[in-house]
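Notes follow the structure.
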Amino acid sequence: MKNNITTYEDFKERFKLLASKHKHLVVNTLSNIFTMRLIGNKTHGDLAEIGMVELINQFMYDFKSVHVGKDKFRAKEHEEDILIINEITKTEFPVSLKAFGDGPLQLSTDSSQKLFPFLESQGHDITDKKQIEAIFQAKEFEDFNESM
């Protein structure tokens, strides 16, 4: 049976395929989420979670997504907001969407707000595999790598 990392990698590939074939779906969903950022972090965060769950459920047919943020928060168990399930293998993995401070939405918890500034400093349209590997090995990604 596949492990969570493999399920996550499968999901990323399928999401990339969805985004390449139906860019408007992803752009519209994310635009709506980021527009709500003007209202505030809490509203924005909740909408990001719900928006991503609905995007996955409606357009990624081999995956199911459940918004577990409220249940997990109330139970004080974990910070994960979304549970993604591969419908074929029945494996699953949690995803945490957070909006800390005034910066951008963070995929995975980044309460120290170091990922985005670091990524911004790396330039736009990074395609060199060695640079990408170096980015993921950087100290700014330590917490991210530990959560996987």
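Highest mean packing first, where packing is the average number of other Cβ atoms within 10 Å per residue, the peptides 90-96, 114-120 line up as 90-96, 114-120. Placing dummy labels 7 Å off each Cα toward the beta-carbon, the span from Gln58 to Glu9 is 3.1 nm. From most to least packed by mean Cβ count within 10 Å, the peptides 59-68, 121-130 give 59-68, 121-130.
Using 0.36 nm per residue, how much length does the chain from Thr35 to Ile88 gain when fully extended, once their Cα-Cα distance is taken away?
15.7 nm
Per-residue 3J(HN,Hα) values for the stretch 12-29, derived from phi via the Karplus relation 6.51 cos²θ - 1.76 cosθ + 1.60 with θ = phi - 60°, read 4, 5, 5, 5, 4, 5, 4, 5, 6, 8, 9, 3, 4, 5, 6, 4, 5, 4 Hz in sequence order (x marks Gly and Pro).
Since every read-out is calculated from the coordinates, none of them should be taken as a lab result. Computed from a predicted model, the values in this text were never measured in an experiment. Quick reminder, even Gly has a Cβ in these numbers, built from the backbone with ideal geometry, and neighbours come from all protein chains shown.
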